[in-house]
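Note sheet for the following structure.
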Amino acid sequence: MRRPGFLSGAWVGALLTAALAAVLFAAGGLAGAPFVPFDLFDWLARVLPGPVVTFGIDTIVDTITLLNLGAVAEVAKTAEQILALVIFLLAGVVIGGATFAVSSRRRGPSLRSATATGALVGALAFLVGLQVNATVQGAPLPSLAWLLVAFAGWGAALGWAHARLAATPARAPQASDPQGEKAGEGPTGAPGVNEGTLARLDRRRFLIRLGGATALVTVAGAGLGTYLRDEMPGPRGTDASGGGASGNGASGGGSAEVPWSQQNPLPNEGAEVAPAPGTRREFTPLAEHYRIDINMTPPRVDGNEWRLRVDGLVEEARTFGLEDLRAYPPMHQFVTLACISNRLGGDLIGTQRWTGVSMQRLLPDLGLRNEATHLRISSVDGFYEILAIEDILADERVMLSYAWDGLPLPQRNGFPLRVYIPDLYGMKQPKWIERIEAIDGWQEGYWVDRGWDAEARMHATSVIDTVATESRITDGEGPARIPVGGIAHAGARGISRVEVQVDDGPWQEARLRRPLSGTTWVVWRFDWPFEEGSHTFTVRCVDGNGEAQIEARNPVRPSGATGLLSEDVTL
């Protein structure tokens, strides 16, 4: 008989690897163990060349936008997670196929050698996790032991499956059976089922049974892991009982369990210009603020154990806890933050109320030496960015933020600490900060090193959110009017004017709603006199410094998207 080859091994590898992924997923939900498929994907995203990574990002975002699949940040993370599972599964397919192919030319792997090989793969997976997964770094020995056991079991199952499929038939072909019947013939002399056919049928039955067993494990593990993750509480130190905002000035008054926005009016309440119906929310709820980072799942940091370490060119290294930072006079700022990958009119942008400590106040307590010129700010996930000390001295709004909307930062958005630097895209503003190192010169940050813009200053951008055809204004004075509206933003420079063009007509000035602050977007509105037919609406803006929006179309990479946004409507 032929020994099982590459295709058989690939199939077995796929089945066993799917089951392994489910077991790892369940263990992660049960005990916080590392989930290797995500760790592997995160590691690849860090070691692959920048153009490869950005090509992948562009492809995912463009696909989501083209097919209108939903909120880009959420759908993109889901797509990345699916891709991570596919890569992990393909790795298992290749290893399984290669193992069977090599073994077909020899006796095949012993159970001991297959188990040892699996354990070696588990050790490599642990080393990968150490590079990217803060959870692994927090409890390395239990994680290592678990991965060795899990992958050793996977290797043993692979070796056992090969041995089972390679086994010869129970009895060798003979001239006749005990009743004197010829081999290969039935009792009446009719053609029978030979040993090769029996072996193939036996192999097929085995693979079907193996598929059923691994499918059961896969479904059970995935279901258990999902349930456990849904029931898992947040990291300690994120609520009122574990070091929340209450009593420390973070909330600006009120309960730490209720967002500030639910207890207080927004600063522009009662502004003369009302948003056109259908305009995005002026203040972004916590759950709806976009999340973009370099992780498959956001790091889970224990707020009670976390410390911010300050070292490098300082007189003496020191650490700050959350309570130490909250002891400084708090700063509250309404801030619009955008991702540099945001397409024109995209949803990778949001406005929140940030609370924290101005770095101008903190700077004297860092004990910087005279030769220090920049700060290297690093996150628990390996992300880092460089901030010039002179920029801190020039702008008191540069801050370390520990709360949004009066509550500790959401885990997914950077708990326990993130930085805010006015006028810059989010790629320059680390989250989950754990270290500040004083250095004597500028360095490339994480994304700058991968080919993105070194300055990353936000472009002036205007967006049409709505042409509210169902909200016609009829007040008896002239023709009915259609509210058209959206937002415009230019980082910390503000917006001085927004203009709308209908078809090829003249540019007409829109009305601007008073913004939440000088660092947020501005809501604009234009009530257009109704005309039947098909029309194209185009918008442009001018920032607070009098600089007009860039009208030329440019892609997001490397400096952020530019161009005018239009909306076609048939009335």
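Could you give the length gained by full extension between Glu257 and Leu111, i.e. 0.36 nm per residue of separation minus their alpha carbon distance, to one decimal place? Spell out each step's value before the answer.
Numbers: separation 146, 0.36 × 146 = 52.56 nm, distance 5.55 nm.
Using 0.36 nm per residue and subtracting the Cα-Cα distance, I get 47.0 nm.
Using a 1.4 angstrom probe on the protein heavy atoms only, could you order Arg435, Arg525 from most to least accessible area? Each step should come with its number before you reach the end.
Numbers: Arg435 80, Arg525 30 Å².
Ranked from most to least accessible, the order is Arg435, Arg525.
Can you give the net charge of the other residues whose Cβ lies under 13 Å from the Cβ of Val61, counting K and R as +1 and D and E as -1? Numbers along the way, then the final one.
On the way: positive: Lys77, Arg343, Arg557; negative: Asp58, Asp62, Glu74, Glu80, Asp347.
Charge balance near Val61 sits at -2.
Would you mind checking which residues have amide H under 5 Å from Ile464's amide H? H placed 1.01 Å from N; only 5 or more apart, or other chain.
Counting only residues 5 or more places away or on other chains, the set is empty.
Which value does Rg/Rh take for the stretch 456-571 over its C-alpha atoms, Rh per Kirkwood?
Values: Rg = 14.8 Å, Rh = 14.8 Å.
The Rg/Rh ratio comes out at 1.00.
So what is the calculated 222 nm ellipticity per residue for the chain, using -39500 (n - 2.57) for each DSSP H run with n of 4 or more, over all residues, to the nearest 500 deg cm²/dmol? Don't skip to the answer; put the middle values down first.
Numbers: 11 runs with 194 residues, N = 571.
After summing the helix terms and dividing by the residues of the chain, the value is -11500 deg cm²/dmol.
Considering the Cα trace of the chain, what is its radius of gyration and what is Dmax, both in angstroms?
30.5, 109
Per-residue HN-Hα couplings for the stretch 60-68, Karplus 6.51 cos²θ - 1.76 cosθ + 1.60 at θ = phi - 60°, whole Hz, x for Gly and Pro?
5, 5, 4, 5, 4, 5, 4, 8, 6
Within 12 Å, Cβ to Cβ, of Gly563, how many net charges do the neighbouring residues add up to if Lys/Arg are +1 and Asp/Glu are -1?
Overall, the nearby charge balance is +2.
With a 1.4 Å probe and every protein chain left in place, tell me how much accessible area Thr474 has, in Å² to the nearest 10.
110 Å²
Kindly report the accessible area of the chain per residue (heavy atoms of protein chains, probe 1.4 Å, no ligands, DNA or RNA), in Å².
Numbers: 26580 Å² over 571 residues.
About 47 Å² of surface per residue is accessible.
When the chain is fully extended, how far beyond the present Cα-Cα distance does Leu266 get from Ala71, taking 0.36 nm per residue of separation? List each step's numbers first, then the result.
Working: separation 195, 0.36 × 195 = 70.20 nm, distance 2.53 nm.
Computed gain between Leu266 and Ala71 is 67.7 nm.
Please report, in debye to the nearest 20, how large the charge dipole of the stretch 472-517 is about its Cα centre when each Lys and Arg carries +1 at its beta carbon and each Asp and Glu carries -1 there. Kindly include the intermediate steps, with their values, before the conclusion.
Details: 7 positive and 6 negative charges, 75 e Å.
With Lys and Arg at +1 and Asp and Glu at -1, about 360 debye.
Just reorder Arg112, Arg46 by solvent-accessible area, largest first, 1.4 Å probe, all chains present. Intermediate values should be presented prior to the final figure.
On the way: Arg112 205, Arg46 40 Å².
If we order Arg112, Arg46 from most to least accessible, we get Arg112, Arg46.
Report the calculated FRET efficiency for Glu532 and Ile87 (r = Cβ-Cβ distance, R0 = 30 Å), to the nearest 0.05.
Numbers: r = 53 Å, r/R0 = 1.77.
With R0 = 30 Å, the Cβ-Cβ based efficiency is 0.05.
Roll a 1.4 angstrom probe over the protein heavy atoms and tell me the percent of accessible area of the stretch 492-564 that is carbon or sulfur. Show your work: numbers first, answer last.
On the way: 1510 of 3400 Å².
Here carbon and sulfur together make up 44 percent of the probe-accessible area.
DSSP beta bridges in the chain, what fraction antiparallel, as a percent rounded to 5?
Numbers: 71 of 76 bridges.
Around 95 percent antiparallel, to the nearest 5.
What percent of all Cα-Cα pairs in the stretch 318-467 falls into each 10 Å bin, going from 0 up to the bin containing the maximum distance?
Calculated P(r), rounded to whole percents: 10, 41, 36, 11, 2, 0.
Give me the accessible area of Glu269, 1.4 Å probe, in Å² rounded to the nearest 10.
Looks like 130 Å² after rounding.
State, to one decimal in nm, how far the label point of Ser566 lies from the label point of Ala317, with both points 7 Å from Cα in the Cβ direction.
It is 5.9 nm.
May I ask you to derive the FRET efficiency for Arg309 and Gln360 from their Cβ-Cβ distance with R0 = 25 Å, giving the value to the nearest 0.05?
Values: r = 21 Å, r/R0 = 0.82.
Step by step, r from the Cβ atoms, then E = 0.75.
The values are calculated or read from the model by the stated rules, or taken from the named source; none is laboratory data. Small disclaimer: the values here were computed from a predicted structure and weren't measured. A quick note on method: Cβ atoms are made from the backbone with ideal geometry, for glycine too, and the neighbour counts reach across all protein chains shown. Side chains are part of the model used for accessible areas, which takes the heavy atoms of the whole protein and leaves out ligands, DNA and RNA. Shrake-Rupley method; radii C 1.70, N 1.55, O 1.52, S 1.80 Å.
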